[in-house]
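Quick notes on the structure that follows.
The values are calculated or read from the model by the stated rules, or taken from the named source; none is laboratory data. Model, not experiment: these values are computed from the prediction. Virtual Cβ from ideal backbone geometry, glycine too; neighbours counted across all protein chains shown. When the accessible area is computed, the model is the full protein with side chains, heavy atoms only, and any ligands, DNA or RNA have been set aside. Shrake-Rupley method; radii C 1.70, N 1.55, O 1.52, S 1.80 Å.
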Amino acid sequence: MKKLNTLGKVITKILEVFHWVGVALMIAAIICSVAAPNLVGYFVGFDAKECCGANLEVYGFEVNAPVVDGKIDTATFVIFGIGSVIILALMAMVFRNLNKIFKKSENTTPFQKDNVRLVREIGIFAIAIPVIGLFVSFIARLVIGSEAAEISIDMSGIFMGIIVLCLTQFFAHGVELENDVDGLL
């Protein structure tokens, strides 16, 4: 169990750092798209074609941005970038919370009040990710028009968030049972 806990801490910390790096790179890409739009291809990839557009995707939030004269539409890219920054930050927080749960449960029971809060936050973050994608897609439709870009959202995160929130209730009950047992001893 100790090896699994150590492995969990290492993996969750690596994933958290990767997501924060993704946030920083996406912010740099947004700034680049406004300051030097011809360099955006380095962030997006070189497979963006005028016929098909540039397919941008992060955690189920997908935008097919139009490409004109070899350049991706700046407004579409900026709106996608803002949504991506928020989504990647939420995922970084999920892995941060998982790491904290592993650390807090290292030499003791996982049924602790702080862990219940951390699991509840993970559920909220999981629900917030597709909701942010939906909100940003509405903003994109208003700003760039309904015909300019194709936008797709995967709503399965809402169901995962609900499942995690339900599991939170079992953790809360576990905390109560731990307190009752401690009170008897």
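Between the listed residues Thr108, Ile139, Asn97, the Cα displaced farthest toward the positive end of the dipole of the chain, a dipole computed from Cβ unit charges relative to the Cα centre, is found at Thr108.
Per residue, the chain exposes an accessible area of 58 Å² to a 1.4 Å probe, with every protein chain left in place.
Full extension of the chain segment joining Lys2 with Asp69 gains 18.5 nm, where the gain is 0.36 nm per residue of separation less the Cα-Cα distance.
The dipole here belongs to the chain: it is taken about the Cα centre, uses +1 on the Cβ of Lys and Arg and -1 on the Cβ of Asp and Glu, and is about 660 debye. Straight-line reach from Lys113: taking Cα to Cα under 18 Å and skipping same-chain neighbours fewer than 8 places apart, the lysines in range are Lys100, Lys103, Lys104. With a Förster radius of 41 Å applied to the C-beta separation of Ile31 and Ile11, the computed FRET efficiency comes to 0.85.
Of the solvent-accessible surface of the stretch 63-141, computed with a 1.4 Å probe over protein heavy atoms with every protein chain present, carbon and sulfur atoms account for 68 percent. Cα gyration tensor of the stretch 72-171, axes a ≥ b ≥ c as square roots of the eigenvalues: rounded (a/c below 1.5), prolate (a/b > b/c) or oblate? The shape class here is prolate. Applying the Kirkwood pairwise sum to the alpha-carbon positions of the chain produces a hydrodynamic radius of 18.4 angstrom.
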